Amino acid sequence: MKNLKASLPVNLTDLQKVTASLHPVAADGSPAVVENISWVLTSGDVTLSPSADLLSCDITSGAIGNSTVSVSGTADNGSILTDIILVTVTGVTTAVDLGTTFGTPVNK
């Protein structure tokens, strides 16, 4: 049985990274155990650096554009839980405004 969660968006500049953390819970909201956790880059150019316990992962921006990361784990009943992370990387130096200014008016 597979449980696919809706996509989770995150926006980064080309100079940033972010830590994604897992907090597995049971239906009643109590903490739960998940095994066989894997972090996979399914498309794009970000770098993944999972922690030793695999409950978190640094996502470091790569080239400007979109990347998709899949994180999955197995619940104690054998069901596979999967989250899809959509990473959008924008450039810090990408123009967002023309910055038009005026000098001091002078006579013709």
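The values are calculated or read from the model by the stated rules, or taken from the named source; none is laboratory data. Everything numeric here is computed off the predicted structure, so don't read it as measured data. Glycine also receives a Cβ, built like all others from the backbone with ideal geometry; neighbour counts cover every protein chain displayed.
Scan (1) farther than 30 Å from Ala95 by Cβ; (2) at pLDDT below 95; (3) surrounded by 12 or more Cβ atoms within 10 Å (Cβ to Cβ) for the single condition Lys2 breaks and write down its number.
Result: Lys2 fails condition (3) only.
How many residues are exposed (fewer than 13 other Cβ atoms within 10 Å of the Cβ), assigned to a strand (DSSP E or B) and either at positive phi or under 11 Å from the mean Cα position of the chain (by Cα) (or both) when one looks only at the stretch 18-33?
Qualifying residue count for the region: 2.
Does the stretch 93-108 include one or more residues that are within 18 Å of the chain's Cα centre (by Cα), assigned to a loop (DSSP other than H, G, I, E, B) and either free of Cβ contacts under 8 Å to residues at least 24 places away in the same chain or surrounded by 11 or more Cβ atoms within 10 Å (Cβ to Cβ) (or both)?
no
Just to verify a result, which residue in the stretch 34-64, among those that are among the aliphatic types (A, V, I, L, M) and part of a strand (DSSP E or B), is surrounded by the most Cβ atoms within 10 Å (Cβ to Cβ)?
Ile59
Which one is nearest to Leu22 (Cα to Cα) among residues in the stretch 67-79 that are surrounded by 14 or more Cβ atoms within 10 Å (Cβ to Cβ) and polar (S, T, N, Q)?
Only one residue tops the list, namely Ser72.
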